[in-house]
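Colleague: So that we are looking at the same thing, I have put the structure below in structure tokens.
No value in this document is a laboratory result; all are computed from the given coordinates. Bear in mind that the values here come from a model prediction, so they are computed numbers and not experimental data. For neighbour counting, all protein chains shown are included, and Cβ atoms are generated from backbone atoms with ideal geometry for every residue, glycine included.
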Amino acid sequence: MTIDYLCLMQSLKLITKYKADGRRQRSVNTQATIVDAMMILIKKGILEPTAQQVADEAGLGIRTVFRIVKDKETLFSRMDEKVRESNQMLYQASPSGSLKDRIEGLMQIESKGYEVNIEFIKATLANKWKYKTLEENYKKNQLLLKKLMFAWLPEISQLDSNLQEFLTAINSPNFWIELRENQTLSVEKAKKIKEAEFKKALGL
């Protein structure tokens, strides 16, 4: 076996690897395009876009969409991951100041987060009964929000358990949707209502 032959075989292996890596990267990029298209459609108010709508928005063929993303559940899961990643910085502020300051600070952070993602929250609420991934991620997100609430307002742990559950409920994205969408309140008015309930419950 000559050195030239060994070099040739090594080159062929490298070429094959680069081609495979290239296909893998194109697949990742295409998947990102599909997820972005899904999110654009939801932002427009289409809470459960069809595969054809996603394909059209992404500028891809329907067969390509099904090849890259095997089903709607996977697509919703990728979207949920992307939304959570984009929210990480938003919820990393450290609580400080008086109880009043911390209540207002938490409400400000959450109102921003809910408002930016209001269409995605509505899509999750509308579809979590059909897609197990969405239901599981929704439960995880609820636990994270509850943990955030107690981190900012540890005084809540001293309250009656029923009152703790009440504050958890009005601090949920469901309640925000109720205030903003069903009662058609402004962001500021919805935020003030939540602040008032927390201050009352905590004796302010």
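Colleague: Take the Cβ-Cβ distance between Asp56 and Ser98 as r, set R0 to 45 Å, and report the resulting FRET efficiency rounded to the nearest 0.05. Intermediate values should be presented prior to the final figure.
Modeller: Details: r = 52 Å, r/R0 = 1.16.
It comes to 0.30.
Colleague: So which of Lys100/Lys140; Lys112/Lys191; Lys44/Lys112; Lys44/Lys82 end up more than 21 Å apart by C-alpha?
Modeller: Numbers: Lys100/Lys140 28 Å; Lys112/Lys191 10 Å; Lys44/Lys112 19 Å; Lys44/Lys82 17 Å.
Violating the 21 Å Cα-Cα cut-off are Lys100/Lys140.
Colleague: Using a basic spin-label model with each label point 7 Å from the Cα along Cα→Cβ, how many nm lie between Ile193 and Lys130?
Modeller: The answer from the label model is 2.8 nm.
Colleague: Which of rounded, prolate, oblate describes the stretch 158-204, given a ≥ b ≥ c as roots of the alpha-carbon gyration tensor eigenvalues and a/c under 1.5 marking rounded, otherwise prolate only if a/b is larger than b/c?
Modeller: On the way: a/c = 3.86, a/b = 1.70, b/c = 2.27.
Taking the square roots of the gyration eigenvalues as a ≥ b ≥ c, the stretch 158-204 is oblate.
Colleague: By the gyration tensor of its Cα atoms, with a ≥ b ≥ c the square roots of the eigenvalues, what is the shape of the stretch 78-204: rounded for a/c under 1.5, prolate for a/b over b/c, or oblate?
Modeller: prolate
Colleague: Label 7 Å along Cα→Cβ of Lys70; the stretch 127-144 residues with amide nitrogen under 17 Å?
Modeller: 131-134
Colleague: Here is a further query. Tell me which aspartates and glutamates have Cα within less than 15 Å of Lys146's Cα, excluding those fewer than 8 residues away on the same chain?
Modeller: By straight Cα distance, Lys146 reaches Glu110, Glu155, Glu165.
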